[in-house]
Amino acid sequence: MDFNKIINDNKNNIKNIIRLITREDNEDIEQEVYLKIWKKSDNYEEKGSLKSWISMITKNTSLDYLKSKYYKTSVKSDSDENTLNDIKDRKLSPEDNIINLERKRQIINAIDSLKPKFKQVIIMTEIDGYSYEECAQKLKCPIGTVKSRIFNAKKELAEKLQHLL
């Protein structure tokens, strides 16, 4: 396995997963993920995609971090007032849940209404976490075309979803 290529190809996906789970950019977790990939590379069987395997390692490492004594200690070191505010903020009211679901539905509908070529690049880059280069390779088109499509798709989405901003 070429680890430099693996790291370069999956860096954005790894960062996005860590940020999604821990709600922070954490280079320590990222380094731990790379170390686990390197250590477990002999165990990798090509039954699924390499990207899925790396995503699973990243997810598990991020969850392990949240369960760790270090994380729990750092969270407890906040003042009581901050902790209470965090707890209140995390628990959404039923109305907030409905509003969030409605926003998600509107965003999904807006993405679905895009031209197929715009929809495809938005899903690949913003949801699946592909880099522009990976997207261009998969679509077999120049990177400039991918950038142009993303720009136009985001412009169209901004117009359609202006009421949510």
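Taken over the stretch 20-66, the criterion of being among the basic types (K, R) and in contact with a helix residue (DSSP H, G or I) (Cβ under 8 Å, 6 or more places away or on another chain) is satisfied by K36, K40, K51, K59. Filtering the stretch 42-68 down to residues that are polar (S, T, N, Q) and not in a loop (DSSP other than H, G, I, E, B), which residue is farthest from I29 (Cα to Cα)? Looking at residues that are polar (S, T, N, Q) and not in a loop (DSSP other than H, G, I, E, B), I get N43.
Values in this text are rule-based calculations from the coordinates and carry no lab data. This is a predicted model, so every value here is computed, not measured. Cβ atoms come from the backbone with ideal geometry, glycine included; neighbour counts cover every protein chain shown.
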